[in-house]
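The values are calculated or read from the model by the stated rules, or taken from the named source; none is laboratory data. If you're wondering where the values come from, they're calculated on a predicted model, not measured in any experiment. No Cβ is skipped: glycine too gets one built from the backbone with ideal geometry, and neighbour counts run over all protein chains shown.
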Amino acid sequence: MKNLNEAVDKIITRLGTSNDSEICTAALAAFKLIFIPFATMSDKKSTKEQKNYALTRDFLTEGVALLGYIGITRVVKNNLSAPICAKYYKDKAFGLLKENKLDINSEDYKILSNIDKVAIKNHAMNEFLEEGAKKYTKNQEQYIKKLEGIVAKFPILQNPKDLYLNTKKTISHVSVCLLALTLIPYITNKLIYVLSKVKSQDNKPAVLNKASTQTTLKPYTMTQYMDKTRMGVLNVFNR
Amino acid sequence: MSLIVNFLTNPAAADFVQNSTCQVLSEGCLKAVGRPTFTLLDKTATLEERKYSATKELLYQSFSMAAFFALIFPIKKNTFRLLKFFPQLKDCDVINAKTIKEYQEKLKQVTDKKMLTKIKGANELMSIIASGIILAVITPQIVTRLVHPIMNKLSDDGQKNKLDKKA
């Protein structure tokens, strides 16, 4: 009971802090992985082939969705968020310089156009770590302080921590949408193709065995043999 | 490129995608397009099998969106009544609220940031569970009963059109 309470506490804290798309969609995929094939099985009007195909497809799609939402989305958001933040600062720095209306000096411009991606990522993720476990080098800490100083000068710019976390949330959702629209059904099609190939290879020897057992168990009578092949008929007459 | 960067870094977009209702709806609409299309493109199955699976998929996604729209908002308005079942929130006065108005007023008075995070998280968790029940338990059962009458109707209409063209 204590463990359950702790688990629920962790879940609600996580959902309250950052309700990323992949959590909700993966949870729903897990629900669907169980209940949709069950509903398909209960359909009494469809043929066996239709049911088998739909069942395989439902099961594979939701399985791939569950893995994809957890795995691919995590990889995408962890690897893309910092480069996009860097691009954001670079574009804004260029914009400020182009407009020439704000007093951006060369040092500020240099910092904005050469963003330390690892420092931004560590700085944002430190929010979720306890005091002793925080990831930082001294250089990164100084760099973030400088960056925050520049951000304070120009209200048009977003705070590095908020920027990283916002970007991560949006990328997570975009990744889920792209997976749902194209990648998951595409992978399912490929898996069904592989399964059908494996199934057809498994069926080949089974057919041969069936034929051989039929021959040994039920030997042809002369009439059956004659009916079966023309050559047989000719052979009989030749005799 | 900068348009994409602007969209991805926009705080309003981040706020929008944090809502589980928005997440489910956008994902569901895209699935309603993607899955039946790819099912019909799959050449390993016969046309009948593909038609059945694609129709079922399309109906399922459309009905689940409709059912979700119809049910999730009334459910979300009442999730605060279930907050008392979370032992993590027992010290918070919010759990004693009896109406949505009272709940909102009490929520404004909560100053502890951690408690606010937990209340938000508990609401999201209940919303996810409710979505799961609507989308994975109720809707597939309805769709299973509807798929054959709709497929028959579609094939009847198709045959009628063919006959009309021939005539």
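Things worth noting here:
- A single entry from B:Lys76, B:Lys98, B:Lys108 fulfils the requirement of being more than 7 Å from chain A (Cβ to nearest Cβ) and either in contact (Cβ under 8 Å) with a residue 24 or more places away in the chain or surrounded by 15 or more Cβ atoms within 10 Å (Cβ to Cβ) (or both): B:Lys76.
- Across segment A:134-191, the number of residues qualifying as crowded, with 21+ Cβ neighbours inside 10 Å and among the polar types (S, T, N, Q) comes to 6.
- Cross-chain or 6+ apart pairs with Cβ under 7 Å, segment A:77-100 first and within 10 Å of chain B (Cβ to nearest Cβ) and modelled with pLDDT under 90, then outside any helix (DSSP H, G or I) and surrounded by fewer than 16 Cβ atoms within 10 Å (Cβ to Cβ): A:Lys92/A:Ile156
- Test: residue in segment A:168-180 that is more than 30 Å from A:Ser113 (Cβ to Cβ), more than 7 Å from chain B (Cβ to nearest Cβ) and under 24 Å from the mean Cα position of the chain (by Cα): yes
- Of all residues in segment B:79-90, those satisfying the criterion of being within 13 Å of chain A (Cβ to nearest Cβ) and either of a type outside the set (A, V, I, L, M) or touching a Lys or Arg at 6+ places or on another chain (Cβ under 9 Å) (or both) are B:Thr79, B:Phe85, B:Phe86, B:Pro87, B:Gln88, B:Leu89, B:Lys90.
- Residue match in segment B:123-137 (condition: surrounded by 18 or more Cβ atoms within 10 Å (Cβ to Cβ), more than 10 Å from every other protein chain (Cβ to nearest Cβ), on the phi < 0 side of the Ramachandran plot and out of contact with any Leu (no Cβ under 7 Å at 6 or more places or on another chain)): yes
- Segment A:1-40, subset more than 7 Å from chain B (Cβ to nearest Cβ) and of a type in the set (Asp, Glu), residue nearest to B:Leu135 (Cα to Cα): A:Glu22
- Scanning segment B:109-146 for residues that are acidic (Asp, Glu) and farther than 13 Å from A:Thr17 by Cβ returns a single hit, B:Asp112.
- Residue within segment A:42-64 that is closer than 30 Å to A:Ile156 by Cα and more than 11 Å from every other protein chain (Cβ to nearest Cβ) present: no
- Scanning segment B:111-160 for residues that are of a type in the set (Asp, Glu) and in contact with a helix residue (DSSP H, G or I) (Cβ under 6 Å, 6 or more places away or on another chain) returns a single hit, B:Glu124.
- For B:Ile4, the conditions (1) within 22 Å of A:Thr182 (Cα to Cα); (2) at the interface with another protein chain (Cβ under 7 Å from one of its Cβ atoms) are fulfilled apart from (2).
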